[in-house]
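Remarks on the structure that follows.
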Amino acid sequence: MSTPNASGWKPGTPAKDDHGMDGPPTVTGNRALMLEEPLIFEIGTSQTTGVDLPDVPSSTSSRLGSFTRADEIGLPGLSEPEAIRHYTRLSRQNYAIDLGLFPLGSCTMKHNPRLNEKVARMPGFADVHPLQPVDTVRGALEVINELAVWLIGLTGMDGVAMSPKAGAHGELCGILCIRAALEARGDAREVILVPESAHGTNPATAAFAGYRVENIPATGEGRVDLEALKSRLGPDVAAVMITNPNTCGLFERDMKAISDAVHAAGAFVYCDGANFNAIVGKVRPGDLGVDAMHINLHKTFSTPHGGGGPGSGPVVLSEALCPYGPLPFTARTKDGVVHLVEEENAEAFDHKHAFGRMTAFHGQMGMFTRALAYILSHGADGLKQVAEDAVLNANYVLRSCDDLLEAPFGPSGPCMHEALFSDAGFAEDTTTLDLAKALIDEGYHPMTMYFPLVVHGAMLVEPTETESKASLDRFIMALRSTAERAKAGDPTLKTAPHYAPRRRLDETQAARKPVLAFDGPCAPAGTPQLSEQGGS
Ligand SMILES: *Cc1c(COP(=O)(O)O)cnc(C)c1O
């Protein structure tokens, strides 16, 4: 039963398109704490500025000549409080790991302990400059070297290139090492084999490095087909790129057999180690015959990431590839001093075959400090528990939902760090996308969708070890509820999200024809500014 109120609105009647919320429309477009925010160009005027600059003396003659701007610059001007409000309001429309569970599979969106931030902000680390004389940054070099020693130890490898700035950048570094090693023995191999279940960056990297990419099928169990791989190996194959744990959230049990076969054929094993979170402290990839593997410090070692950065993808290398690793790197000599090895002293450190450099400088110092703080505060035993809890949490999600959502590889055993579901059993016309949009209404960032490609309508959930059981239970409740609606063909799923600041976007247009520049004029002076409401 509903009672009309003064405005004629009846409870249960959605207002026009005001975030689909019940209730009368508001004149501002705001809904209590949910604030509307226009583009900065729509509120800033070119006549306003947040700083006072002295007038240019009229006697000063311009030295710009014909480059003098004839028209207005067209940039929006805002006072300092207006600028702060604008960006704070936008930030409130965002989702963040500090707000809630972030189930994005293959991304390891886990809590970043604040201790890491405190350490990374210490001026001795935060304020160093890459061009400072080495003698003035000994502490920073110690940090890089100490982290390198940990990464080598945790992976059972022989060396590490610290400078790559993302996972994909690390892949390129590893493949360039492999190419240098092959060239050194006069071996011009042209093909890199990549399993079907590989992360998209793997074939992209191989192609970027000039190799022809060939696919290796997956078994019905979601793992690399060892026999198919073996039968394709030959004198034209430079390397095999394998993600382990793979993007179906499964451990490649045949990894050692794969490595042995690849080595016997004269090729190298690249392992995509972005999912190291699931095995850190439990498995050393070096023991499995891996020649090169990148580690995403921003995933396993907890630096906050997403939306473009920051990233850091050190690459651990086997004995066979170490001689070709890029410059610079750090090395501790017998006297205990950590040196920075660059072009001018590479020969003195017996490193004459470096393939080159990946970056102008030394890598992501802020992330090195965060990662080392994380490692030292967990210790070797704590890191092992990270992997165990990450796997436990993922299996809890898997087994709490597999009666409702099809888990294609569920019957063959437990998963690693992520649970994979398909859209089997959804009502006709109802898709994974619809379910994901409904999860937004429930206050969750959706999981990874339609990836890996080997599963129809895939949903890949990586809860990570930093979620409590209570948090997982709430998420599972939301996932089960949306899954039930998807199976029942609830039509409101098709129009979700109903409560987000914006409704369903045209994602194809957004991807194909993104509007990246504001081409209208700035707001004219005197425009009523939403962001002034409540101001002085
Ligand atoms: C995240 C990820 C990558 C890419 O890492 P970036 O830092 O985003 O370049 C590569 N492979 C796998 C399996 C990943 O999960």
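Quick notes on this one:
- Candidates are the residues of the range 106-124 that are surrounded by 19 or more Cβ atoms within 10 Å (Cβ to Cβ) and closer than 15 Å to F368 by Cβ; the one that is nearest to the ligand (Cβ to nearest atom) is N112.
- Among residues of the range 368-398, those that are more than 22 Å from E462 (Cα to Cα) and open to solvent by less than 30 Å² (accessible area, probe 1.4 Å), counted: 5
- Residue in the range 355-366 that is assigned to a helix (DSSP H, G or I) and in the same structural domain as I144 (by TED's automatic domain parsing) present: yes
- Among the conditions (1) modelled with pLDDT of 85 or more; (2) of a type in the set (S, T, N, Q); (3) not in a helix (DSSP H, G or I), the only one that S62 does not satisfy is (1).
- Count - residues of the range 439-471 that are part of a strand (DSSP E or B) and within 16 Å of the chain's Cα centre (by Cα): 4
- Qualifying residue in the range 71-78 (condition: buried (at least 16 other Cβ atoms within 10 Å of the Cβ) and assigned to a loop (DSSP other than H, G, I, E, B)): yes
- So V134, is it in contact with a strand residue (DSSP E or B) (Cβ under 7 Å, 6 or more places away or on another chain), of a type in the set (V, I, T) and under 19 Å from M367 (Cα atoms): no
- Qualifying position, being closer than 21 Å to E319 by Cβ, open to solvent by less than 20 Å² (accessible area, probe 1.4 Å) and in contact with a Pro (Cβ under 9 Å, 6 or more places away or on another chain), among V240, V224, V262: V240
- Verdict on P497 being surrounded by 16 or more Cβ atoms within 10 Å (Cβ to Cβ) and out of contact with any Ser or Thr (no Cβ under 8 Å at 6 or more places or on another chain): yes
- Filter pass, G379 being of a type outside the set (K, R) and under 21 Å from I476 (Cβ atoms): no
- Of all the criteria given as (1) under 29 Å from G336 (Cβ atoms); (2) open to solvent by 40 Å² or more (accessible area, probe 1.4 Å); (3) touching a Ser or Thr at 6+ places or on another chain (Cβ under 7 Å); (4) not acidic (D, E), the one not satisfied by H199 is (1).
To keep it simple, each residue is scored yes or no on (1) touching a Lys or Arg at 6+ places or on another chain (Cβ under 8 Å); (2) buried (at least 16 other Cβ atoms within 10 Å of the Cβ).
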position	(1), (2)
E462	no, yes
E465	yes, yes
D473	no, no
L479	no, yes
D490	no, yes
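- Restricting the range 128-169 to residues that are part of a helix (DSSP H, G or I) and within 16 Å of the ligand (Cβ to nearest atom), the residue that is farthest from the chain's Cα centre (by Cα): T155
- Candidates P24, P11, filtered to the one that is at pLDDT 85 or above and part of a loop (DSSP other than H, G, I, E, B): P24
- Number of residues in the range 220-239 that are within 16 Å of the ligand (Cβ to nearest atom) and either in a loop (DSSP other than H, G, I, E, B) or free of Cβ contacts under 8 Å to residues at least 40 places away in the same chain (or both): the value is 3.
- Residue list for the range 201-219, filter: touching a residue at least 40 places away in the same chain (Cβ under 8 Å) and within 14 Å of the ligand (Cβ to nearest atom): T201, N202
- Residue in the range 164-171 that is touching a Leu at 6+ places or on another chain (Cβ under 9 Å) and over 19 Å from N275 (Cβ atoms) present: no
- Matching residues, the range 190-200, being within 14 Å of the ligand (Cβ to nearest atom) and more than 20 Å from A257 (Cβ to Cβ): H199, G200
- Meets criteria (open to solvent by less than 30 Å² (accessible area, probe 1.4 Å), away from the ligand (no atom under 11 Å from the Cβ), in contact with a Pro (Cβ under 8 Å, 6 or more places away or on another chain) and assigned to a strand (DSSP E or B)) for V316: yes
- Cβ pairs under 7 Å, 6+ apart, first in the range 438-457 and assigned by TED's automatic domain parsing to the domain that holds T247, second of a type in the set (A, V, I, L, M): none
- Any hit, the range 321-336, residues being open to solvent by less than 30 Å² (accessible area, probe 1.4 Å) and either hydroxyl-bearing (S, T, Y) or not assigned by TED's automatic domain parsing to the domain that holds D127 (or both): yes
- Scope the range 244-300; condition within 13 Å of the ligand (Cβ to nearest atom) and either of a type in the set (K, R) or assigned to a helix (DSSP H, G or I) (or both); matching residues: F276, N277, A278, L297, H298, K299, T300
- The listed residue being out of contact with any Ser or Thr (no Cβ under 6 Å at 6 or more places or on another chain) and open to solvent by 20 Å² or more (accessible area, probe 1.4 Å), out of V213, V191: V213
- Qualifying positions in the range 89-105 - under 26 Å from T201 (Cβ atoms) and away from the ligand (no atom under 16 Å from the Cβ): N94, Y95, A96, L101
- Residue count for the range 385-417, restricted to those that are within 20 Å of A486 (Cβ to Cβ) and either in contact with a helix residue (DSSP H, G or I) (Cβ under 9 Å, 6 or more places away or on another chain) or of a type in the set (D, E, K, R) (or both): 12.
- Sole exception among (1) on the phi > 0 side of the Ramachandran plot; (2) within 16 Å of the ligand (Cβ to nearest atom) for G74, by number: (2)
The values are calculated or read from the model by the stated rules, or taken from the named source; none is laboratory data. Just so you know, these numbers come straight off a predicted model, no measurement behind them. FYI the Cβ positions are ideal-geometry reconstructions off the backbone, even for glycines, and counts take in every protein chain you see. The area values use the complete protein model at the heavy-atom level, side chains included, leaving out ligands, DNA and RNA. Shrake-Rupley method; radii C 1.70, N 1.55, O 1.52, S 1.80 Å.
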